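> Structure in structure tokens, see below.
The values are calculated or read from the model by the stated rules, or taken from the named source; none is laboratory data. Since we're looking at a predicted model, the values are computed, not measured. All Cβ positions, glycine included, derive from the backbone under ideal geometry; neighbour counts span all protein chains shown.
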Amino acid sequence: MKLRVIIQVMVILLMLTAVAADAQVRIKDIAYVQGVRGQQIIGYGLVVGLNRTGDTHRAAFTQQSVESMLKRFGITVPTGDVRMRNTAAVMVTATIPAFSKEGGIVDVIVSSIGDATGLQGGILLLTPLSGTDGQVYAVAQGPISVGGMGVREGGSEVRRNHTATGRIPGGAILERSIATEFQREGAVSVVLREPDFTTSNRIADAINNSFVRDEESAMAMDATTVLVNIPEAFLQDGRIVQFVSLIESLEVTPDVAAKVVINERTGTVVVGGNVSILPVAISHGGINIEIQTMPVISQPQPFSEGQTVVTDMTTVAMEFDPATVVAIEGATTVQDIAAALNELRVAPRDIIAIFQALKEAGALKGELLII
């Protein structure tokens with residue numbers, strides 16, 4: 001029953017893959033405009049208000065940070081006289097979306113870098129966040145939301161999820177805008193997320209057929225980039241954003257490579273829509289060996305002053321599974337492949353071995369990817 005359900009799930013996945021291979025999708029779903037990118041920022045800060053789950057005295061940098069912070073407020077404390085079980089040193093990271101303006105808010109991730117056991121209930125103090133250019137782009141502060149819990153007492157610990165990392169929704173305020181330039185010299189570049197020469201050429205054809213019919217305005221430069229010249233009508237009126245929006249709304253049929261993806265850890269097999277199998281014969285069978293040990297007790301005769309002897313009796317039983325030979329005259333569709341696998345009546349682990357053997361025999365026309 002379980003094997004039948006697994007085979008049915010494989011058939012559904014194979015049919016969905018075949019449908020997706022011929023379906024048209026929007027350009028914005030498979031590509032992006034070059035230059036439209038976010039900005040990653042990072043900063044070092046302190047989290048306070050913890051319930052004795054912060055850094056210990058072994059984290060010297062946390063103690064130095066607390067002493068420096070108190071000096072800024074005019075408070076001088078003796079070196080090494082600070083107890084920090086309620087404080088933790090953290091790294092704060094965030095990604096600013098493209099076209100973000102000054103005053104916008106973004107979420108931040110707070111991660112402990114010391115030996116704190118948890119950030120639950122902590123408050124992040126004002127932390128400047130800078131980019132790779134050293135400029136401060138945002139400042140972060142606020143209560144940390146931890147998707148878990150941890151309790152430790154008397155050598156015992158109960159923990160759910162990871163508590164040394166948390167999130168502050170809307171915890172950073174942007175101090176400067178993100179400069180984004182997506183058009184240069186009257187042209188924009190459309191970049192595929194998954195490089196493919198055929199798909200890149202189809203995108204160029206779709207753009208040329210939709211906007212300029214007498215001359216080509218789009219050209220596939222390589223397997224990733226399509227260079228699109230903005231028509232004069234859009235340039236003169238300043239409707240560049242409208243032109244990019246029209247490009248993103250165009251539909252194309254992406255080309256799908258013939259590929260079989262296997263996850264040996266979970267036993268998952270996904271077959272691409274363009275995979276085919278040449279004529280081949282498959283034989284699959286196995287041997288089951290069962291070894292049993294039974295103790296045999298030998299008792300001495302009465303008054304013989306003998307000893308009880310225990311002997312192990314081992315029996316070996318061997319059973320052959322009926323080997324099945326299936327001749328495949330050639331499978332050109334995923335439905336044919338699913339029908340052939342269903343006829344073999346094998347487990348998912350055996351299906352993985354069969355695909356590997358088909359690839360070695362040269363009968364599988366497609367890439368075999370094992371993850």
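> Quick one: in segment 63-76, which of the residues that are closer than 21 Å to V90 by Cβ and hydrophobic (A, V, I, L, M, F, W, C) is surrounded by the fewest Cβ atoms within 10 Å (Cβ to Cβ)?
Pass one, segment 63-76, residues closer than 21 Å to V90 by Cβ: 63-73.
Still in the running and hydrophobic (A, V, I, L, M, F, W, C): 66, 69-70, 73.
Numbers: V66: 19, M69: 15, L70: 13, F73: 6.
The extreme case among them is F73.
> Let me ask something additional. Of the residues that make up segment 140-160, is at least one of a type in the set (K, R) and modelled with pLDDT of 80 or more?
Checking segment 140-160: not a single residue is of a type in the set (K, R) and modelled with pLDDT of 80 or more.
> Then there is this: Consider segment 157-167. How many of its residues are of a type in the set (S, T, Y) and part of a strand (DSSP E or B)?
Residues of segment 157-167 that are of a type in the set (S, T, Y), as a first pass: 163, 165.
When the remaining residues are screened for being part of a strand (DSSP E or B), the result is 165.
Number satisfying all stated conditions: 1.
> Next up: Among residues belonging to segment 232-245 that are surrounded by fewer than 15 Cβ atoms within 10 Å (Cβ to Cβ) and at pLDDT 85 or above, point out the one that is farthest from V36 (Cα to Cα).
Q242
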